[in-house]
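Structure first, commentary second.
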Amino acid sequence: MEARSRCYQFRVLLLGDAGVGKTALLRRYVAGTPGAAGPAAEAEAEPTVGVEFYSRARQLPAGPRVKLQLWDTAGQERFRCITRSFYRNVAGVLLVYDVTNRRSFEHIQDWHAEVLATQGPRVIFLLVGHKSDLQSSRCVSLEEAEALAASLGSAFIETSARNDCNVELAFDTLTDAILQALQRGDIALEEDWGGVRLIHKAQVPRCPSRNPQQGGPCQC
């Protein structure tokens, strides 16, 4: 009961080259309804300019409530100076590449190294191979991606925003890994906001669109 009464806030960053589908992936997740049609389901989103912010709160089964602060970053080189300023104070990072774009896969180690140079080893990473629905155009194999994830000390998953494949699972996997690191003491709750914050339950705002009689978790 004590665990369920807690509410954590995690700051999470999505990194990867331009065009890998970070925004589509994020919008599909924030929609919060598996299988629902939406901007991510029909077409790729417009390129991100700088950084965009999203959030979603989840009540984990037999666990605490977690609110994710989700930062969608531009992959273009001209925005890198802006993107780097958001590396600080993140708890987790989704390193996203396009399974049909080998260069985006080859650049993952560069994105990973940039975060480590700023944050050190405490950040939790998840390697995400996106656009898994485009099997006929695939140029990065599962075996290559699994080997890269192992070298980075990261879990790995393939996703498709278009088909709503493994989108929830990807974010839940990263959330669980952050919680486990917190429980082990690898991540500490810091007053200066180190990417993880404990929020008192009374301070969590209620969703204005939720009808209490309907029940169920807030999706805002």
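The values are calculated or read from the model by the stated rules, or taken from the named source; none is laboratory data. Note that the structure is a prediction, hence the values are computed from the model and not measured. Neighbour counts run over all protein chains shown; Cβ positions are idealised from the backbone, glycine included.
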Condition (residue is buried (at least 23 other Cβ atoms within 10 Å of the Cβ) and either modelled with pLDDT of 70 or more or over 14 Å from the mean Cα position of the chain (by Cα) (or both)) applied to segment 34-43: is it met by at least one residue?
yes
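Conditions (1) under 16 Å from Trp71 (Cα atoms); (2) aromatic (Phe, Trp, Tyr), marked per residue:
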site: Leu94; (1), (2): yes, no
site: Asp98; (1), (2): no, no
site: Asn101; (1), (2): no, no
site: Glu106; (1), (2): no, no
site: Gln109; (1), (2): no, no
site: Arg122; (1), (2): no, no
site: Phe125; (1), (2): yes, yes
site: Cys139; (1), (2): no, no
Within segment 102-115, how many residues are surrounded by 16 or more Cβ atoms within 10 Å (Cβ to Cβ) and among the aliphatic types (A, V, I, L, M)?
2
Of these, Gly129, Gly75, which one is assigned to a loop (DSSP other than H, G, I, E, B) and either over 30 Å from Leu198 (Cβ atoms) or at pLDDT below 85 (or both)?
Gly75
Qualifying positions in segment 120-132 - surrounded by fewer than 18 Cβ atoms within 10 Å (Cβ to Cβ) and either touching a Lys or Arg at 6+ places or on another chain (Cβ under 8 Å) or not charged (D, E, K, R) (or both):
Gly120, Pro121
Output for Cβ contacts, cut-off 8 Å, separation at least six or different chains, first residue modelled with pLDDT of 95 or more in segment 134-145, second part of a helix (DSSP H, G or I) and surrounded by 13 or more Cβ atoms within 10 Å (Cβ to Cβ), reads Cys139/Arg102; Val140/Arg102; Val140/Phe105; Glu144/Phe105; Ala145/Phe105
Residues of segment 98-126 that turn out to be over 17 Å from Phe171 (Cβ atoms) and either assigned to a loop (DSSP other than H, G, I, E, B) or touching a His at 6+ places or on another chain (Cβ under 7 Å) (or both), as a count
8
The number of residues in segment 119-153 that are under 18 Å from the mean Cα position of the chain (by Cα) and of a type in the set (Asp, Glu) is 0
Would you check which residues across segment 165-185 are over 18 Å from Arg197 (Cβ atoms) and part of a loop (DSSP other than H, G, I, E, B) and list them?
Asn166
Hey, among the residues in segment 1-19 that are surrounded by fewer than 19 Cβ atoms within 10 Å (Cβ to Cβ) and out of contact with any Gly (no Cβ under 8 Å at 6 or more places or on another chain), which one's modelled with the lowest pLDDT?
Met1
Restricted to segment 20-33, and to residues that are closer than 25 Å to Ile199 by Cα and in a helix (DSSP H, G or I), which residue is modelled with the lowest pLDDT?
Ala31
